[in-house]
Amino acid sequence: MNEDGDGLLTIGALARRTGVPVKTVRRWSDEGLLPPAARTPAGYRLYGPDAPARLEIVRTLRELGIGVAEIRAVLRSERTVADAAGCWADALDAQIRTLRLRRAVLRAVAARGTAAEELPDVHRLARLTAAERRRVIEEFVADALDGVAAPAYRAGLLAAAPDLPEDPAPDQLAAWLDLADHVQRPEVRAALRRLAEYSARTTPAEPSATAAEDAARVAGLMRERAEAALAAGVAADSPAAEPVVAELVAAWLPTQTDTADPPQRDDAHARARLLEQLEAAAEPHIERYWQLMCMATGRPQPPRWDAVGAWTASALRAHPEPGPGLVLPPAPDPQRALYVYERVAAHVTALVDAVPEEVLERPTPCDDWTVRQLIDHMTWENLMITSIARDAPRTDPDAGHLGDDHTAAFRASVDALLAAFTGTGVLERTYGPYEAPGALFAQQAAVELLAHGWDLARALGASTDLAPEVADEVLEAARGIYGAAPRTEGGSFAPERPAPAAAGGADRLAAYLGR
């Protein structure tokens, strides 16, 4: 039976017309969302002509997630569809936030490898309110700085307390969890206290209006000069680093006029003060604190000071007082410097060609470098000088440069540098404020390649009598380039060692460089 004589629909006819299962129509009818218009003598439900349209409304609202009570109120005109939709959208927002938080917690637990016994603490930390998160940081600062008179430093820490968004991304929540764990560690609190004590000793009672701006300017200059030195392969303890140190000290001195016992000029006292400042700022625990803080709050990450800070500090230790400045060696003949590099490169390339895969992890005379790392470094030096010749200095010394074929990668770097020496005019140009002749690049490349080639030969158990036809010239070039370099602990060169009477040029070069 589909319709009775009055045009009423049976439950089956209504289900077929709308595509809603009979069972669902019956349930919604029982819930008062679709009341029957009449019943047959046998008690079967009959629905009026408006039932299909009403059923479509009910189905749509249910698919949108709106509850039975709300739908009933809409159908009875007790509230509008717009009101019901707004109410349920708000409820869905809350549910979505809850689900996202749960997902973020689960992602963090998975990424952190959280143990079962740690799970309750992780969940509790994730559900803290903004005020509760702030209290965690306030307690950390109060405990670490207890008794230290550094109000400005304290205020800066508290002003940056974490404020997670209502809907944190998984990586933000993970950062907050790591931060909450980080600030509980005694070594982190001790590091913060050291920085606060340093700030209390050195911060003027009334800093100038431009103090922060001036400090940022000097920090930017330090970063720029150190990055350029690293990209150019300038060792921190080499004579070429002294002019950089002098420039940085000169820029830093005016920022110290309001401090206690301000340094007046570039001297040993000033350089020691600047080194102390850099070492105080290089607290890895506090650097990690700020990284996690920025990750959790979505702020830009602070620039990392590890490489550039280490270079600047090393340069200050190697040059504790002003020197005479950079004294360049005499400019070599460009074509002779090129020939010397070609001969050294040919001998070292033959060595690299003979290196089998199975010895790449063998140690070398270079501290902590394997054969692979040594070849990678030689490859990098060729690529770095090539990039300078092409006016596009590279800044990836720590990247791997060998790929799957160390021989091909090294050969390609030699070919690229030879092409730069012969095709860019680099050997006839001058570089930098001291107008260093470009031919020095070829000379320095030969020194570095022969010295490291000697390291490789020793690691392989091969003859160290490399490039005998030019090795004496390379040694004299090394004396000219590095003769004034300080032999500091942990520096580029150890103290010079005596060479055997019958030693060849490459062996004498190694002895001169402290090998």
| note | residue 261 vs (1) surrounded by fewer than 16 Cβ atoms within 10 Å (Cβ to Cβ); (2) within 30 Å of residue 133 (Cβ to Cβ): all pass except (2)
| request: Provide a single number: the residues in the range 229-247 that are farther than 17 Å from residue 274 by Cβ and within 25 Å of the chain's Cα centre (by Cα). | output: 6
| So which residues in the range 332-370 are under 22 Å from residue 420 (Cα atoms), open to solvent by 70 Å² or more (accessible area, probe 1.4 Å) and of a type outside the set (D, E, K, R), if there are any at all? | 335, 339
| request: Take the range 199-243 and flag every residue that is of a type outside the set (Gly, Ala, Ser), part of a helix (DSSP H, G or I) and open to solvent by 30 Å² or more (accessible area, probe 1.4 Å). | output: 201, 202, 213, 214, 217, 221, 223, 224, 225, 227, 230
| query | Quick check: is even one residue across the range 208-226 more than 26 Å from the chain's Cα centre (by Cα) and touching a residue at least 40 places away in the same chain (Cβ under 8 Å)? | reply | yes
| said: Among the residues in the range 157-169, are any touching a residue at least 24 places away in the same chain (Cβ under 8 Å), part of a helix (DSSP H, G or I) and not hydrophobic (A, V, I, L, M, F, W, C)? | reply: no
| request: Scan the range 370-390 for residues that are at pLDDT below 90 and either closer than 12 Å to residue 406 by Cα or assigned to a loop (DSSP other than H, G, I, E, B) (or both) and jot them down. | output: 390
| field | Criterion violated by residue 379 - all others in (1) out of contact with any Ser or Thr (no Cβ under 9 Å at 6 or more places or on another chain); (2) without any contact (Cβ under 8 Å) to a residue 40 or more places away in the chain; (3) open to solvent by less than 40 Å² (accessible area, probe 1.4 Å) satisfied | value | (1)
| query | Within the set of pairs 6 or more residues apart or between chains, which connect a residue that is open to solvent by 60 Å² or more (accessible area, probe 1.4 Å) inside the range 382-393 to a residue that is of a type outside the set (S, T, N, Q) and in a helix (DSSP H, G or I) with Cβ atoms less than 7 Å apart? | reply | 390/420; 393/231
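Residues in the range 134-143: is at least one acidic (Asp, Glu), within 28 Å of residue 212 (Cα to Cα) and modelled with pLDDT under 80?
no
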| message | Here is a list: 194, 189. Which entry is modelled with pLDDT of 80 or more, open to solvent by 60 Å² or more (accessible area, probe 1.4 Å) and more than 15 Å from residue 296 (Cβ to Cβ)? | response | 194
| request: Of the conditions (1) among the polar types (S, T, N, Q); (2) in a helix (DSSP H, G or I); (3) surrounded by 20 or more Cβ atoms within 10 Å (Cβ to Cβ), residue 291 clears all except one; give me its number. | output: (3)
| remark: With the first residue restricted to the range 46-72 and required to be open to solvent by 60 Å² or more (accessible area, probe 1.4 Å) and outside any helix (DSSP H, G or I), and the second required to be modelled with pLDDT of 85 or more and among the hydrophobic types (A, V, I, L, M, F, W, C), Cβ contacts under 9 Å at 6 or more apart or on different chains are 49/8; 49/9; 49/37; 50/37
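The values are calculated or read from the model by the stated rules, or taken from the named source; none is laboratory data. Remember, it's a predicted structure, so these values are computed and weren't measured experimentally. Positions of Cβ are backbone-derived with ideal geometry, glycine not excepted, and every protein chain shown enters the neighbour counts. Keep in mind that these areas ignore ligands, DNA and RNA; they rest on the heavy atoms of the full protein, side chains included. Shrake-Rupley method; radii C 1.70, N 1.55, O 1.52, S 1.80 Å.
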